[in-house]
Amino acid sequence: MQTLNRQEIEDAKKAALEVLLHNAHGPYHGLPRTAGWGYPEPYTRDLMFSILGVAVSGNRRLLDSIRRVLETLAKNQTEHGHIPSLVHDKDDRGASDTTPLFLLGVGIFRRVSGESDFLREAVEKSLKWMEYQSPSDRYLVGQQPTSDWRDEQWVPGYGLFVNTLVYSCLRLLGRHERADGMYREMSRFTIAGGIMHHHVHEGLVVKHKPYYALWSYKIHSSERFDLLGNSLAILSGIASPSRAERIISWIEEECAEMRERGVLTVDLPPNFFPFIKPEDTDWRARYSEYNRPGEYHNGGIWPFICGFYVAALVAAKRYTLAREKLMALTHNIKISNTGGVDFGFNEWIKAQDGKPMGQDWQTWSAALYLYAVSCVEEKRTPFFDEIRR
């Protein structure tokens with residue numbers, strides 16, 4: 001059992017802040033960079049996620065940098081309200097998660113800055129854009145494969161992650177009537193053996209399992225487990241306290257079983273499991289090069305997602321487990337590809353051997369670590385507490 005080491009935590013917090021300050025000014029119009037060396041570009045989704053860590057840090061330079069990111073995104077917003085994938089490039093379009101992440105980011109920044117009307121016009125346009133993303137013209141939004149943060153994995157139709165984002169930003173922006181509609185649709189028991197009755201609308205609850213499905217669309221779905229989507233479901237209150245407890249217990253039991261089989265060596269859950277294997281029907285030829293089992297989006301350990309999991313544990317009042325996973329995360333953010341830094345804050349870690357495989361000094365890895373520490377230390381989940389209420 002991991003015990004909370006205060007000095008290790010403080011050292012890691014200091015290192016995380018150093019990463020964020022280092023990355024706050026990059027080569028593209030002075031906008032923040034996504035990683036210390038590997039990704040100089042300002043990727044929208046990475047920087048929007050990082051708002052959580054920036055907000056709890058209270059660092060003025062970082063807050064000013066995030067303000068500039070949000071204002072630049074608003075300027076590069078399309079006529080219909082879509083937010084580009086690169087902050088500085090209005091023509092880099094097509095992501096399903098950048099617009100709801102922008103809305104969530106603005107909602108958080110309004111709380112921190114006290115500017116309740118910040119980017120009002122851009123927010124209204126993006127809210128309208130999200131309404132038009134519903135194929136059924138109801139509440140759940142649809143997406144194309146590889147259009148969310150998993151650019152090497154197919155998630156078509158109604159994806160859990162994107163819909164939890166939309167629900168969260170609606171709550172944070174006070175659009176409760178539409179959020180209520182999303183909640184009702186996500187909670188329907190429709191994923192059961194490829195059968196869909198015409199009088200039943202699609203949802204994302206998996207029958208006979210505690211967690212929410214990766215995606216669903218008509219008679220098609222995937223019951224593989226999405227750690228980020230389910231953590232957001234817990235944080236946002238989509239999952240009831242009793243369901244949240246069952247989801248967490250299931251995660252820990254499954255991870256213990258994977259460690260027994262030797263396919264997981266880290267005391268943190270993979271971002272996705274069971275891993276997709278070449279013999280599975282949802283395997284795609286490209287995965288053999290970019291998305292092998294236990295790697296990248298197909299079961300890699302992503303520190304930023306583990307930060308969300310720690311926060312979800314706090315939301316579920318699993319404080320002891322949250323402390324244990326925070327210490328495990330603290331140990332894993334130390335490892336690096338380069339070996340030249342005390343804290344790598346690497347992009348992702350291979351499940352089978354715990355080796356860092358991505359870029360060091362990743363912005364969202366450092367930011368979500370700061371957020372996870374804040375949640376554990378304060379026994380609350382800033383901004384998501386309000387969403388759950």
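Scanning region 289-344 for residues that are of a type in the set (A, V, I, L, M) and within 27 Å of Pro278 (Cβ to Cβ) turns up Ile301, Ile305. Of the residues making up region 63-81, not a single one is in contact with a strand residue (DSSP E or B) (Cβ under 8 Å, 6 or more places away or on another chain), part of a loop (DSSP other than H, G, I, E, B) and touching a residue at least 24 places away in the same chain (Cβ under 8 Å). Return the residue satisfying two criteria in turn: it lies in region 248-296 and is in contact with a helix residue (DSSP H, G or I) (Cβ under 6 Å, 6 or more places away or on another chain) and among the aliphatic types (A, V, I, L, M), and of such residues it is surrounded by the fewest Cβ atoms within 10 Å (Cβ to Cβ). For region 248-296, the residue satisfying everything is Leu268. Evaluation of Ala285 against the conditions (1) hydrophobic (A, V, I, L, M, F, W, C); (2) without any contact (Cβ under 8 Å) to a residue 24 or more places away in the chain; (3) part of a helix (DSSP H, G or I) shows that the sole unmet condition is (3). Out of the residues in region 339-355 that are among the small types (Gly, Ala, Ser) and either surrounded by 13 or more Cβ atoms within 10 Å (Cβ to Cβ) or touching a residue at least 12 places away in the same chain (Cβ under 8 Å) (or both), state the one that is farthest from Tyr296 (Cα to Cα). Checked region 339-355; the qualifying residue farthest from Tyr296 (Cα to Cα) is Gly344. Restricting attention to region 15-49, the residues being within 13 Å of Trp361 (Cα to Cα) and in a helix (DSSP H, G or I) number 10. Of all residues assigned to region 6-27, none qualifies as being at pLDDT 95 or above, over 22 Å from Met327 (Cα atoms) and charged (D, E, K, R). When each of Ile248, Ile234, Ile219, Ile238 is tested for being of a type in the set (A, V, I, L, M, F, W, C) and at pLDDT below 95, the lone residue that passes is Ile219.
Once region 222-247 is narrowed to residues that are free of Cβ contacts under 8 Å to residues at least 60 places away in the same chain and not in a helix (DSSP H, G or I), the residue that is surrounded by the most Cβ atoms within 10 Å (Cβ to Cβ) is Ala239. All of (1) aliphatic (A, V, I, L, M); (2) within 22 Å of the chain's Cα centre (by Cα); (3) farther than 14 Å from His88 by Cα hold for Leu4 with one exception: (2). Report, ordered by the first and then the second residue, all pairs with beta carbons closer than 6 Å, sequence separation of six or more or different chains, a first member in region 106-129 that is over 23 Å from Met182 (Cα atoms) and free of Cβ contacts under 8 Å to residues at least 60 places away in the same chain, and a second member that is aromatic (Phe, Trp, Tyr) and in a loop (DSSP other than H, G, I, E, B). The qualifying pairs are Arg110/Phe118. Criterion applied to Tyr217, Tyr212 was being under 27 Å from Arg389 (Cβ atoms) and either touching a Phe, Trp or Tyr at 6+ places or on another chain (Cβ under 8 Å) or among the aromatic types (Phe, Trp, Tyr) (or both), and the one residue passing it is Tyr212. Against the numbered list (1) part of a helix (DSSP H, G or I); (2) over 22 Å from His25 (Cα atoms); (3) in contact (Cβ under 8 Å) with a residue 40 or more places away in the chain, Phe102 comes up short only at (2).
Test Thr330 against the criterion of being among the hydroxyl-bearing types (Ser, Thr, Tyr), surrounded by 15 or more Cβ atoms within 10 Å (Cβ to Cβ), farther than 24 Å from Val206 by Cβ and in contact with a helix residue (DSSP H, G or I) (Cβ under 6 Å, 6 or more places away or on another chain), and give yes or no.
When the stated conditions are applied, Thr330 passes them.
Mind telling me which of the residues Asp137, Asp117, Asp91 ends up being at pLDDT below 95, surrounded by fewer than 21 Cβ atoms within 10 Å (Cβ to Cβ), in a loop (DSSP other than H, G, I, E, B) and more than 16 Å from the chain's Cα centre (by Cα)? Selected residue: Asp137, the only one of Asp137, Asp117, Asp91 that is at pLDDT below 95, surrounded by fewer than 21 Cβ atoms within 10 Å (Cβ to Cβ), in a loop (DSSP other than H, G, I, E, B) and more than 16 Å from the chain's Cα centre (by Cα).
Is at least one residue of region 30-44 farther than 22 Å from Asn346 by Cβ and either at pLDDT 95 or above or crowded, with 20+ Cβ neighbours inside 10 Å (or both)? Yes, there is a match, as at least one residue in region 30-44 is farther than 22 Å from Asn346 by Cβ and either at pLDDT 95 or above or crowded, with 20+ Cβ neighbours inside 10 Å (or both). Scanning region 355-388 for residues that are touching a strand residue (DSSP E or B) at 6+ places or on another chain (Cβ under 8 Å) and within 18 Å of Pro32 (Cα to Cα) turns up Gln359, Asp360, Trp361, Gln362, Thr363.
The values are calculated or read from the model by the stated rules, or taken from the named source; none is laboratory data. Quick caveat, the model's predicted, so the values are computed rather than measured. Every residue, glycine among them, receives a Cβ derived from its backbone with ideal geometry; neighbour counts consider all protein chains shown.
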